[in-house]
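Student: Here it is, the structure, as structure tokens.
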């Protein structure tokens with residue numbers, strides 16, 4: 001993929017897209033003082049060249065998930081990397097609760113959302129047992145840190161705007177956007193709502209008509 005050197009307008013637009021991801025081009029133009037047509041053109045160009053990727057992040061705390069789990073593992077440096085990848089791919093990465101997993105030769109790290117402690121504890125027990133039997137661990141078991149949503153404060157939720165602002169030298173003195181990770185009453189979704197919700201998360205760039213054709217729901221629904 002071709003990389004281009006960003007102009008000042010492109011930097012400002014990318015920053016704006018990141019800070020105000022749900023804004024239309026017209027709404028964004030009022031925030032960064034560029035014309036709607038300029039923003040639309042730059043947005044398409046930045047997306048085409050791989051500078052950002054739209055995502056729909058589920059508010060799992062309102063769907064029954066109670067905690068965020070962080071698991072960090074030190075691996076035996078003499079264990080073959082290929083074997084560990086094969087083992088984890090078949091036994092650990094299959095768990096749906098894991099939404100971010102990073103690994104290298106000596107270390108592994110994962111983030112998970114879980115409905116309760118029992119579920120995430122079971123995953124970690126399986127991880128420890130499998131790694132232990134294969135002698136993939138170094139001197140200690142995987143480290144797990146839990147953040148229950150009821151007693152935790154989420155200061156930033158997938159907000160890259162401050163990072164981009166500092167990197168691009170953009171001084172934005174306006175107050176931060178309102179907190180995104182808000183708790184509300186639990187939702188009881190219908191079967192149709194569950195299908196649409198899953199499609200929105202899996203295919204964030206797709207049109208309503210396309211998603212409806214895949215799950216048998218009308219665009220208006």
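Student: Can you give the angle from 0 to 90° between the axis of helix 36-48 and the longest principal axis of the chain, with both taken from C-alpha atoms, to the nearest 10?
Tutor: The two axes meet at around 30 degrees.
Student: Taking the Cβ-Cβ separation of residue 192 and residue 125 as r and a Förster radius of 25 Å, what is the calculated FRET efficiency to the nearest 0.05?
Tutor: It comes out at approximately 0.10.
Student: OK, next. Taking 20 °C and 1.002 mPa s as the conditions, I'd like the Stokes-Einstein D for the stretch 1-107 in µm²/s, using the Kirkwood hydrodynamic radius from alpha carbon pairs. Mind showing how you got there, number by number?
Tutor: Numbers: Rh = 17.7 Å.
Rounded to a whole number, D works out at 121 µm²/s.
Student: Take the Cα gyration tensor of the chain, multiply each eigenvalue by 5, square-root it, and list the three semi-axes largest first, rounded to whole angstrom.
Tutor: Semi-axes, largest first: 36, 24, 19 Å.
Student: Counting alpha carbon pairs within less than 8 Å and at least 6 residues apart, what relative contact order, in whole percent, applies to the chain?
Tutor: 24
Student: Calculate the spin-label point distance for residue 107 paired with residue 172, positioning each point 7 Å from the Cα along the beta-carbon direction, and give it in nanometres.
Tutor: For residue 172 paired with residue 107, the spin-label model returns 3.0 nm.
Student: On to the next question. What is the ratio of the Cα radius of gyration of the stretch 136-221 to 2.2 N^0.38 Å, where N is its residue count, to two decimals?
Tutor: 1.67
Student: If you project the alpha carbons of the stretch 60-151 onto the principal axes, what extent comes out on each, in Å, largest first?
Tutor: 43, 23, 20
Student: So if the hydrodynamic radius of the stretch 42-96 is defined as the Kirkwood radius over C-alpha pairs, what does Stokes-Einstein give as its diffusion coefficient at 20 °C and 1.002 mPa s, in µm² per second?
Tutor: 137
Student: Can you give the angle from 0 to 90° between the axis of helix 8-19 and the longest principal axis of the chain, with both taken from C-alpha atoms, to the nearest 10?
Tutor: Its long axis makes an angle of about 60 degrees.
Student: If you don't mind, another one. Note down the relative contact order for the stretch 60-151 as a percent, whole number, built from C-alpha pairs under 8 angstrom at least six residues apart.
Tutor: Relative contact order here is 48 percent.
Student: Evaluate the Kirkwood expression for the hydrodynamic radius of the stretch 80-128, namely the inverse of the mean inverse distance over all pairs of different C-alpha atoms, and round to one decimal in Å. Mind dumping the intermediate values first?
Tutor: Numbers: mean 1/r = 0.0875 Å⁻¹.
One decimal place: 11.4 Å for the Kirkwood radius.
Student: Could you work out how far helix 117-133 tilts from the main Cα principal axis of the chain, as a 0 to 90 degree angle to the nearest 10?
Tutor: On a 0 to 90 degree scale, this one is about 60.
Student: So, by mean Cβ neighbours within 10 angstrom, what's the order for 207-220, 66-79 with the highest one leading?
Tutor: On the way: 207-220: 12.4, 66-79: 16.9.
Ranking, from highest mean packing down: 66-79, 207-220.
Student: Let me ask something else about it. Quick check: residue separation of residue 158 and residue 209 times 0.36 nm, minus the Cα distance between them. What number comes out in nm?
Tutor: Value of the extension gain: 15.5 nm.
Computed from the coordinates by the stated procedures, all read-outs in this text should not be read as laboratory data. The structure presented is a predicted model; accordingly, all values stated were derived computationally and were not measured. As a convention, Cβ positions derive from the backbone with ideal geometry for all residues, glycine included, and neighbour counts pool all protein chains shown.
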